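The values are calculated or read from the model by the stated rules, or taken from the named source; none is laboratory data. Being a predicted model, the structure only gives us computed values, none of them experimental. Only protein heavy atoms, including side chains, enter the accessible area calculation; ligands, DNA and RNA are left aside. Shrake-Rupley method; radii C 1.70, N 1.55, O 1.52, S 1.80 Å.
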Amino acid sequence: MSAPTLTDFVLANTTLAPVPLVPEVLLHSAAEAMDLWELTHHDQPPFWAFPWAGGQALARHLLDNSGLVRDKKVFDLASGSGLVAIAAALAGAESVTANDIDPLALAAVELNAVANVVTVGTLGGDQLDSDAHGADVVLAGDVFYDAEITALVLPFLTRAAARGALVLLGDPDRAHLPHDLFTAQARYEVPVPLTLESTETRSATVWRA
């Protein structure tokens, strides 16, 4: 018998379900964060296994304003489950690349893209020194969760905006987001897992660089 693959792991520990704020999208999601975290043996939580508030808000915004990505080349940074990337594909993007440093996330993105009958390319590894591979639109949900990652991500996002890319962020009022660098586009009340967020709803804003 062959050893279990990353895809097998995702399938064994998640259930395919609609995203609360974006029911048009189905995701392989986990029921309990801590139990899954223990299984992965990673330093970071399994970001790929949940529809986080910022990503839900950004995905909703893309589907409600499809002209932002229609016929565009899209790069989704720290894609996690692929929710935002999938929303961009459903909204008519010409191509979508989902980037994440976690191989499990990339396996989840591939499964979730198939479940939603869209094409999303995956790209592993740290791409923060790149130009987002020339993408017309750069997306990032829930990336400002601590000071260290913010310091790494900000130069990538500001560089993309400076060369003319549309940069859109989804964030649930995390303290590390530098509000003076971005312009609020829309605000959403997002249903979230109580066990993960200690609340059933979080406010999240879509920002433009």
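Can you list the HN-Hα couplings for the range 108-121, worked out from phi with the Karplus curve (6.51, -1.76, 1.60; θ = phi - 60°), rounded to whole Hz and with x for Gly and Pro?
5, 4, 4, 5, 5, 5, 4, 4, 9, 6, 10, 9, 9, x
Given the Cα-Cα distance of residue 5 and residue 17 and 0.36 nm per residue of separation, how much length would full extension add, in nm?
2.1 nm
Give the accessible area for residue 6 in Å² (nearest 10); use a 1.4 Å probe, count only protein heavy atoms, and leave out ligands, DNA and RNA.
The value for residue 6 is about 80 Å².
Note the full-extension length gain between residue 101 and residue 161 as 0.36 nm times their separation in residues minus their Cα-Cα distance, in nm to one decimal.
Value of the extension gain: 19.4 nm.
With the full set of protein chains in place, find how many percent of the accessible area of the range 4-93 is carbon and sulfur; take the probe as 1.4 Å.
Summing carbon and sulfur atoms, their accessible area is 57 percent of the total for the range 4-93.
Against the empirical 2.2 N^0.38 Å scaling, what ratio does the C-alpha Rg of the range 75-181 come to?
1.02
Taking only protein heavy atoms into account and a 1.4 Å probe, give the accessible area per residue of the range 156-209 in Å².
50 Å²
Rounded, prolate or oblate for the chain? Axes are the square roots of the Cα gyration tensor eigenvalues, ordered a ≥ b ≥ c, and the cut-off for rounded is a/c under 1.5.
Judged from the Cα gyration tensor, the chain comes out rounded (a/c under 1.5).
Go from 0 up to the bin containing the longest alpha carbon distance in the range 1-117, width 5 Å each, and give me the % of pairs per bin.
2, 13, 23, 25, 19, 10, 6, 2, 1, 0
Whole number in Å², please: accessible area per residue of the range 3-92, 1.4 Å probe, ligands, DNA and RNA not counted.
Averaged over the residues of the range 3-92, the accessible area is 42 Å².
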